[in-house]
Amino acid sequence: VIVAVASGKGGTGKTTVATSLALSLAPHMPVQFLDCDVEAPNAHLFLKPEIEQRTLATLPTPVIDEQACSLCGRCAEVCQYHAITQVGGTVLVFPDLCHGCGSCVINCPEEAIREAPRPLGMLESGRVKAGLEFAHGILNTGQPLAVPVIRQLRRWKPPRPDALMIIDSPPGTSCPVVETIRGSDYILLVTEPTPFGLHDLRLAYQLTQHLHLPAGVIINRDGVGDEGVRDFCADHDLPVLMRIPLDEGLASGLAQGIPLVKLRPEYLSRFRQMYERIARGRKEPA
Amino acid sequence: MNVAITIAVVSPDAPPDTHFGRAAAFLLVDTDSGQRQVAANPATSAPGGAGVQAAEFIIRQGAEAVISGSFGPKAYDVLAAAGVSMYRADAGTVDDLLRRYQNGELELLDGMDNATSKSRSRR
């Protein structure tokens, strides 16, 4: 079973929820935790795993054999990203525009292009404690392509049939989020009850609809803002699975890297009950 | 000599555009005949690689020199590889720039600040 925690809006509490869900369930079942927010991974700050394995995330990038190249310009013509251009007696490659699609290699009539792995980031994995495994990806600074790093992280740590996989998603609703949440069994949408929270919740909900993924909502910082999120959920049959009230003590503890369930242990059973509700819903589709 | 000037609107009367890759259009001027022609920039709203695409376009149009407010590093590499001279447009109208270009008063970019180490050229 794969549960992904997503949000639309950034800073709503995805990592707070994902790490606390993992810590609540790990004593009862094997849990694999995956932090797919490779642009700003932060779940390790709460889970403090001991990193045991590291591997590079790379993207195949063209290298041109100057001897074999006939300067026909076919590679530049087929490149959708303008990462190769052929001008005068020169072929220029711009690696940071390359998406690694391989079209240049396939289309080169001289077989003058090979691909070399270009590092995009680092994948790390380890153990938080017995029964709670951890992995995340770290995109290199200045590197714009998050999707290949997320894809390689998910391939590197495939879901085990006996374990629950909890995925911490990047914010937003763009390609990195799609890559992160597709193939999940359930999406937890964390939001805050403000017009901005609602705006992005709506987009995130549309994304889950588009991907045919069942979703439920967690309202964080409950008590601020307005009733827009509540009304939206009611109108769209979106279950509100949990409300976490605005609590300054909680915020200051989280800022020190202390997980929600350590600060407020009563949430251990609330997260367990929430997961049971999700799991029941999966067995008995409405 | 075929000279291209980046312009801010697709119109022969447009003011100069301060950027190369995402300029609205190019005014192509044949300095020998005085003939002028406007070509919309196909890369103006490209999701990425606008500089490369605009440079490819202007090379295909036969430009031998380009006048613009600024050139990105990738556009610079492509134009330099094709032997296109780049001149910095600091201020003034299209006509001012053309006159100063013909008098040799515009700054020719020599690449020290512009070339990117990430792109690899050959031959």
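Taken over the range B:1-22, residues that are within 10 Å of the chain's Cα centre (by Cα) and in a strand (DSSP E or B) amount to 5.
Is it fair to say A:Val149 is touching a helix residue (DSSP H, G or I) at 6+ places or on another chain (Cβ under 7 Å), in contact (Cβ under 8 Å) with a residue 60 or more places away in the chain and either more than 10 Å from chain B (Cβ to nearest Cβ) or closer than 30 Å to A:Cys69 by Cβ (or both)? Taking the combined requirement at face value, the residue does not satisfy it. For the range A:37-76, the set of residues classified as farther than 30 Å from A:Glu133 by Cβ, charged (D, E, K, R) and either surrounded by 14 or more Cβ atoms within 10 Å (Cβ to Cβ) or touching a residue at least 60 places away in the same chain (Cβ under 8 Å) (or both) consists of A:Arg74 only. Does the range B:55-69 include one or more residues that are away from chain A (no Cβ under 13 Å), at negative phi and in contact with a His (Cβ under 9 Å, 6 or more places away or on another chain)? Yes, there is a match, as at least one residue in the range B:55-69 is away from chain A (no Cβ under 13 Å), at negative phi and in contact with a His (Cβ under 9 Å, 6 or more places away or on another chain). The listed residues are B:Tyr76, B:Tyr101, and the only one of them that is assigned to a helix (DSSP H, G or I) and either modelled with pLDDT under 90 or within 14 Å of another protein chain (Cβ to nearest Cβ) (or both) turns out to be B:Tyr76. Being in contact (Cβ under 8 Å) with a residue 24 or more places away in the chain, surrounded by fewer than 21 Cβ atoms within 10 Å (Cβ to Cβ) and away from chain B (no Cβ under 14 Å): is that true of A:Arg160 here? So A:Arg160 fits the description; yes. When the criteria are applied in full, A:Gly225 meets the requirement of being more than 21 Å from the chain's Cα centre (by Cα), on the phi > 0 side of the Ramachandran plot and touching a residue at least 24 places away in the same chain (Cβ under 8 Å). Among all positions in the range B:26-33, there is no residue which is within 13 Å of chain A (Cβ to nearest Cβ) and in contact with a helix residue (DSSP H, G or I) (Cβ under 9 Å, 6 or more places away or on another chain). Of all residues in the range B:34-54, those that are more than 12 Å from B:Val78 (Cβ to Cβ) and within 13 Å of chain A (Cβ to nearest Cβ) total 4. Answer with yes or no whether B:Ser85 is away from chain A (no Cβ under 13 Å) and either closer than 19 Å to B:Met1 by Cβ or at pLDDT 95 or above (or both). The answer is yes for B:Ser85.
Checked against (1) surrounded by 14 or more Cβ atoms within 10 Å (Cβ to Cβ); (2) small (Gly, Ala, Ser); (3) modelled with pLDDT under 95; (4) more than 22 Å from the chain's Cα centre (by Cα), A:Gly249 passes all but a single condition, namely (1). Hey, can you tell me all the residues within the range B:1-25 that are within 14 Å of another protein chain (Cβ to nearest Cβ) and of a type in the set (D, E, K, R)? The one that is within 14 Å of another protein chain (Cβ to nearest Cβ) and of a type in the set (D, E, K, R): B:Arg22. Of the helices (runs of 4 or more DSSP H) lying entirely inside the range A:222-286, the ones with 3 or more residues being closer than 15 Å to A:Thr16 by Cα are found at A:248-255, A:260-263, A:266-283.
The values are calculated or read from the model by the stated rules, or taken from the named source; none is laboratory data. Everything numeric here is computed off the predicted structure, so don't read it as measured data. FYI the Cβ positions are ideal-geometry reconstructions off the backbone, even for glycines, and counts take in every protein chain you see.
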